[in-house]
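What follows is one structure encoded as C-alpha cells, with my remarks underneath.
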Amino acid sequence: MASQTVTQQNFDRTMTHHIPEDDPTSGHSPARTSFILWMLATGIILAALNLRTAVTSTGVILEEIRTGLAMPEALTGLLTTLPVLAFAAFGAITPVMTRRWGHRSVMSGALVAMSAGLILRAMSEDAGLFLFFSLMSLAAGAVGNVALPGIIKKYFPHRAGSITTAYSVSLALGGALAAFLTVPAEQLMGDWRPALAVWAIPSMLAIVPWLLWNPRPESDTGANRNARGGLRFTSIWRTPIGKMILLFCACQYGASYILLGWLAQVLRDAGFSPAEAGAMFGFFVFVTIPVFLATPALSLRATMARRVFYVMISCYPIALVAILAGLTGPEMWLWVTLLGIGMGTFPMTLTFFNARARTHHGTAALSGFAQPSGYLLAAGAPFLVGWSYGVTDGWAVPFAIILLLVFGQLLTGRYLLRPNFIEDQIAPDRTGPSAEVERINQHPASGQNAKTDAVSLGSARERLDVVAAGR
C-alpha cells in the first residue's frame, strides 16, 4: 500500500513538474492539478484517435460509396479533397475560436460535430448531403490538428516531446483501425452505411475527458493578454522559417492525403480483392504507428534527425517506381511498408512547430499559420490525382504528382532541420528600441558616453519587453 502511495505521488509529481506560470491549473491543490492535467492528456490522446477515422474509413470503401450514391467522378475527386479543404477552412479560424471560447469548449464542440457528422452522412441518400456531413465530421480534425500542438506546448512545456509522441501514435492508430475494420464491418453488416456510422462511437467517448477537464475560464480563453502573446501571421510569413514550414506542410499534406484517399484504389487496380486491399491499406496506416512513435524521439538530435528525414524521403520513390514497374505480387507488402515509413514526415511537422519556436506562443502561431495555409495549398492535390487518374486510366501521372510533392518536402525540410527560431526572425523595427539596442551593441562607447548608453540600453530593452508582451 505504501509503495502504491509513493508511485502515485511520483506520477503526480511528474505531471505537475514545471507547470508554466500562465497555466490555468495554477492556484489549485496538487491533487486537483494532477487530475486536471491527466484529464487533458487523456483528452488529447482520445481526440487524436478520431482525427483520421472519417478519412481512412472512407478510402477503403470508396468504390462502394461511389456506386451506392451514383457519385460522378468529379464529386468522387472532391470527396478525397474534402479533408484538405476542411483543414484549411476550419484550421484557419481555430486560433480565433480558442481565444474566444477556450480550448475546452472548442474541442468539446468539435467532437460533438464530428459524431453528428459521422452518423448523418451514413444516413444520407444524396451525394451532396453525404459531402456536406462529411465536411462537418472533418471539421473536428481541422480544429484538433491546429489546436492540439499549441495545447501540448502550453500545458506540457517540459514534456512536449513525450505528449507529442503519444498524440502522433494515437492519430496513426485511429486511422489504422478505421482502415482495417471498415471493410470487415461492411461485410458483416451487409451495407457500407453502418460501417461508416460506427466510427461515431469513439468520437463520442472522446468528449468525456474534455468535459471533465476544467481549467480557470479566464486563462483558457486567453483573457490574460500574455496568454495570447501571439505572433502576427503577416510577420511569420515574412520570415524564412514561415515560408519554409508552410511549403513543407503543403507538400506533406498533399502527398499524405493522396495516399490516404487513393492507395486502396491503387491496390484494387493491382489485382487485389476489396478485402485484401482494405487489409493492405490498414497495414500501411498501421506501419505509421511505430514510425510516428519513434520520429519525435529520434529528432531530438540534429544529426540523427537529418538521417531519419532522408531515409523517410527516399522511401517514396523506391515504392512508387516499383509499383509502376509492375512489381505488385507479394512484394507489394514491402512497397506499402516503405510508403508507411515515408509518412513519418507528418510527425516531423509537429516536431518542427515545437523545435523552430522558443515559446508555446511561437508554437501556436506557427501551427495556426502553417497548418490551415498548408492544407489550402495542398487542397488541389487529391482532386488533381483523381482527375488525372480518370483521364489517363493509369497511375503514372498521379505518382509523378506525389514525387513532385516529395521533392518539395526534401528542399524545405533541409532548411527546417537547421537550428533557427521564429521569434529570432521576426523583422525588428529599424527605428524603434530594437534598432537602438543593435546600435549600442555594435558600436559600444567609453567613458561618460558608455554610462549614457547603458541607461539607454536598459530603457530600450524594457520597451522591447513591453512590445513583445503585447505583440
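Coordinate-derived values only; no laboratory data. Everything numeric here is computed off the predicted structure, so don't read it as measured data. Here the Cβ is made from the backbone with ideal geometry for all residues, glycine too, and neighbour counts use every protein chain on show.
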Excluding ALA200 itself, calculate the net charge of residues whose Cβ lies under 15 Å from the Cβ of ALA200, where each Lys or Arg counts +1 and each Asp or Glu counts -1.
+3
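Suppose the chain between ALA322 and GLU125 were pulled fully straight at 0.36 nm per residue; how much longer would it get relative to their current alpha carbon spacing?
Details: separation 197, 0.36 × 197 = 70.92 nm, distance 3.97 nm.
Length difference between fully extended and current span is 67.0 nm.
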Treat each spin label as a single point 7 Å out from the Cα along the C-beta direction, and report the ASN420 to ARG306 distance in nm.
1.6 nm
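On average over all directions, what projected area in square nanometres does the stretch 32-425 have, based on the convex hull of its Cα atoms? Provide the component values of the computation, followed by the final result.
Working: hull surface 70.0 nm².
Taking a quarter of the hull surface, the average projection is 17.5 nm².
Just order 170-181, 319-330, 411-422 by mean Cβ neighbour count inside 10 Å, highest at the front, would you?
Numbers: 170-181: 24.2, 319-330: 14.7, 411-422: 17.1.
The packing order, highest mean first, is 170-181, 411-422, 319-330.
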Under 4 °C and 1.567 mPa s, how fast does the stretch 301-370 diffuse according to Stokes-Einstein, given a Kirkwood radius computed over C-alpha pairs? Answer in µm²/s, whole number.
94 µm²/s
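Using the Cβ atoms and a cut-off under 11 Å, what net charge is assigned to the surroundings of ASP424, where Lys and Arg are +1 and Asp and Glu are -1? Mind showing how you got there, number by number?
Details: positive: ARG356, ARG358; negative: GLU423.
That sum, taken over residues with Cβ under 11 Å, equals +1.
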Over all alpha-carbon pairs in the stretch 68-208, figure out the percentage whose distance exceeds 26 Å.
27 percent
Highest mean first, how do 389-400, 35-46 rank when packing is the count of other Cβ atoms within 10 Å averaged over residues?
35-46, 389-400
Per the Kirkwood definition applied to all pairs of different Cα atoms, how many angstroms is the hydrodynamic radius of the stretch 247-396?
16.5 Å
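Grab the beta carbon distance between TRP237 and LEU403, set R0 = 25 Å, and tell me the FRET efficiency rounded to 0.05. Walk me through the intermediate numbers first.
Numbers: r = 27 Å, r/R0 = 1.09.
The calculated FRET efficiency here is 0.35.
When you count, for each residue, the other Cβ atoms within 10 Å and take the mean per peptide, how do 149-161, 294-306 rank with the highest first? Intermediate results must be reported in sequence, preceding the final value.
Numbers: 149-161: 21.6, 294-306: 16.5.
So the peptides 149-161, 294-306, ranked by packing, come out 149-161, 294-306.
Could you give the size of the charge dipole of the stretch 60-182 about its Cα centre, using +1 on the Cβ of each K and R and -1 on the Cβ of each D and E, expressed in debye and rounded to the nearest 20?
Working: 8 positive and 5 negative charges, 183 e Å.
Dipole of the stretch 60-182, to the nearest 20 debye: 880 debye.
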In nm, to one decimal, how far is the SER162 label point from the MET204 one, both placed 7 Å along Cα→Cβ?
3.4 nm
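Report the full-extension gain for the segment ALA275 to LEU211: residue separation times 0.36 nm, less the Cα-Cα distance, to one decimal in nm. Don't jump to the answer; show the numbers that get you there.
Values: separation 64, 0.36 × 64 = 23.04 nm, distance 3.82 nm.
Answer, rounded to one decimal: 19.2 nm.
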For the stretch 57-127, what is the largest minus smallest coordinate of the Cα atoms on each principal axis, given in angstrom and ordered from greatest to least?
43, 22, 20
